[in-house]
Amino acid sequence: MKTDRSHELFTRALELIPGGVNSPVRAFKSVGGEPFFAQRAEGAYLYDVDGNRYVDYVGSWGPMIAGHAHPHVLEAVARTMRDGLSFGVPNPLEVTMAETIARLVPSCEMVRMVNSGTEATLSAIRLARGATGRARIVKFEGCYHGHGDSFLVKAGSGVMTLGLPNSPGVPAALADLTLTLPYNDFDAATRLFEEIGQEIAALIIEPIVGNANCILPREGYLQHLRALCTKHGALLIFDEVMTGFRVALGGAQARYGITPDLSTFGKIIGGGMPVGAYGGRRELMQQIAPAGPIYQAGTLSGNPVAMAAGLATLDLIQAPGFHDGLERRTHALCEGLEAAAREAGVAFCTTRAPGMFGLYFREGPVETFEDAKASDTARFNRFFHAMLRRGVYLAPSAFEAGFVSSAHGDAEIAHTLAAAREAFAEVA
Ligand SMILES: *Cc1c(COP(=O)(O)O)cnc(C)c1O
């Protein structure tokens, strides 16, 4: 496999960009080796600067649910772009976007657009603190909510891959306000709320954890958290930056029938452009400036080109049967991988939701962060490279979820499973 041009670029990048990358997990640190540089992408495929082609199960970490460079999205961007890139005054697409989100996710009676998932969660927490007059927040071990100071406490994949429990630079005074719970542990949550429930502004959770590989909620767990928050006057925030519009049209909250107080989004609603959003109950959202006193702003928020890309993507996923199709493909992929591992005698299991999956080099089931951490990561790393050499790009970390798009057809899944049979044999 030719890698000369990627290697040359990475060498130059290392001189000028910390770690050679603009986001840590891209650096291949945990799997070893060097990242490849993308030239272009189309449908289910990424093409690198050395002419290699990969079936892509990362999908830009979530946004590309309809596949790369979808003509409908590109046309919307091109059309919008011709009228100017940014106005600094309101534009009509922002209204359409707010209406679309509110229609697809009924718990979001009002919405504010921002530029990343990180901004969305930061803003949601500020709102929760301002609205409740309380300071503490609760998160879960292995959940990632962007790189805001308050969230870099036991924060999942990116941080975990680097072996950092927490990040230096986060003042202890702030980190102390963030309490962490083990995901899927009913009693731990009950106990914490009984002790200090009246001090908790908000509990924030990835309803399906996608940043500690992929962990699904136990039956009734999200309902339990909803009940605890309601009883103790804390706000429930669903961070749906990853699950939103993916695991169901209405996100994980629709799939599990829960109404959070606030929700955060990103990734898919930008269709590949930098976008985030947060929304929730009207009475809460009305406290955001300039309607209310809680400040939050953004020079490029609601950018017309970004709104166009997001809206075009949201059009595509509203096609009848879109999410059923995603679920079928994800299922076929995961069943096929499990069968290939069995054939090779490799201890392996998968977890899955429509359009996202987790791969574990251990026997199932995987229901907690401890279970996820017990995966044989050394074997995953060898498997990752064995797949990469065969033209399949999995997330370059044992702690990241994988993504399936509507562009992953039978041919791509068959190619993946053929590669996997060889790769499992190689790592057995
Ligand atoms: C990706 C992600 C974020 C952060 O979004 P950015 O756009 O990278 O800032 C926050 N929460 C979850 C659940 C995510 O998956």
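Before moving on, here are some points about what is shown:
- Descending semi-axes in whole angstrom, ellipsoid equivalent of the range 283-361, from the Cα gyration tensor: 42, 18, 12
- Using a Förster distance of 41 Å, the FRET efficiency for V95-E199 (Cβ separation, nearest 0.05): 0.60
- When I208, I101 are arranged by Cβ crowding within 10 Å, least crowded first, meaning fewest neighbours, the order is I101, I208.
- DSSP bridge orientation in the chain - percent antiparallel, rounded to nearest 5: 60
- Surrounding net charge for P71, when Lys and Arg each add one and Asp and Glu each subtract one, Cβ distance under 15 Å: -1
- FRET efficiency for T259 and A175, using Cβ-Cβ distance with R0 set to 35 Å, rounded to 0.05: 0.70
- A Gaussian network model of the chain, with springs between Cα atoms under 10 Å, assigns the largest mean-square fluctuation among G251, G345, G59 to G345.
- Taking only Cα atoms of the range 71-317, radius of gyration then Dmax in Å: 17.6, 57
- The base-10 log of I(q)/I(0) for the chain, evaluated at q = 0.12 Å⁻¹, reads -1.00 [Debye formula, identical scatterers on Cα atoms, solvent excluded].
- For the range 30-45, the Karplus equation 6.51 cos²θ - 1.76 cosθ + 1.60, evaluated at θ = phi - 60°, returns couplings of 7, 8, x, x, 10, x, 8, 9, 7, 8, 6, 8, 8, x, 8, 10 Hz by residue, with Gly and Pro reported as x.
- Long-range HN-HN contacts of R136 with modeled amide H, under 5 Å: A201
- Scaling against 2.2 N^0.38 Å puts the C-alpha radius of gyration of the range 223-356 at 1.32.
- Across all directions, the average projected area of the convex hull around the alpha carbons of the range 295-428 is 11.0 nm².
- Cut-off 20 Å, label 7 Å out along Cα→Cβ of L300, residues of the range 90-121 by amide N: 90-95, 97-98, 112-121
- Along the chain, longest interval not containing exposed GluC sites (Glu not before Pro), exposed being DSSP loop plus at most 12 other Cβ atoms within 10 Å: 1-218
- Extension gain, M81 back to A319 (0.36 nm per residue minus Cα-Cα distance, nm): 83.2 nm
- The Cα trace of the range 182-252 gives Rg and Dmax of 12.4, 37 Å, the first to one decimal, the second as a whole number.
- Contact order for the range 62-185, expressed relative to its length and based on alpha carbon pairs under 8 Å spaced 6+ residues apart, stands at 18 percent.
- Taking amide H as placed 1.01 Å from N in the peptide plane, A44 has its amide H under 5 Å from the amide H of H68, each at least 5 places away in sequence or on another chain.
- If you run the Gaussian network model on the chain, springs between alpha carbon atoms under 10 Å, then out of T96, T243, T264 the most flexible one is T96.
- In a fully extended conformation the segment linking D187 and S23 would gain 55.5 nm over its present Cα-Cα distance, using 0.36 nm per residue.
- In nm, spacing of pseudo-spin labels at D149 and A374 (7 Å Cα→C-beta vector): 3.8
- Under the combined filter of DSSP loop state and at most 16 neighbouring Cβ atoms within 10 Å, the range 24-93 retains these trypsin sites (Lys or Arg not before Pro): R82.
- Fraction of alpha-carbon pairs over 21 Å apart in the range 98-215 - percent: 42
- Cross-link reach list, lysines versus K29, counting only Cα pairs under 24 Å and skipping chain neighbours closer than eight places: K2, K154, K267, K373
- Neighbour counting of Cβ atoms within 10 Å sorts the residues M285, M273, M356, M64, fewest neighbours leading, into M273, M285, M356, M64.
- For the range 71-317, the relative contact order works out to 30 percent when only alpha carbon pairs closer than 8 Å and six or more residues apart are counted.
- Relative contact order (%) - criterion: Cα under 8 Å, at least six apart; region: the chain: 22
- Nonlocal amide H pairs with T180, under 5 Å, H built at 1.01 Å: K139
- The helix-only estimate of mean residue ellipticity at 222 nm for the chain, built from DSSP H runs of length n ≥ 4 each weighted as -39500 (n - 2.57), is -12000 deg cm²/dmol after division by the residue total.
- Largest GNM mean-square fluctuation among F87, F265, F384, using the chain with Cα springs under 10 Å: F87.
- Antiparallel bridge percentage (DSSP; both residues within the range 71-317; nearest 5): 45
- With the simple spin-label model, which puts each label point 7 Å out from Cα in the Cβ direction, the E8 to R53 separation comes to 2.4 nm.
- With q set to 0.29 Å⁻¹, the log10 of I(q)/I(0) for the range 160-220, from the Debye formula over equal scatterers at the Cα positions, is -1.26.
- Fully extending the segment from A289 to K231 would add 18.1 nm, taking 0.36 nm per residue of separation and subtracting the current Cα-Cα distance.
Every number in this text was worked out from the coordinates using simple rules, so none of it is lab data. Keep in mind the model is a prediction, meaning the values are calculated, not measured. Note: ideal-geometry Cβ built from the backbone for every residue, glycine included; neighbour counts use all protein chains shown.
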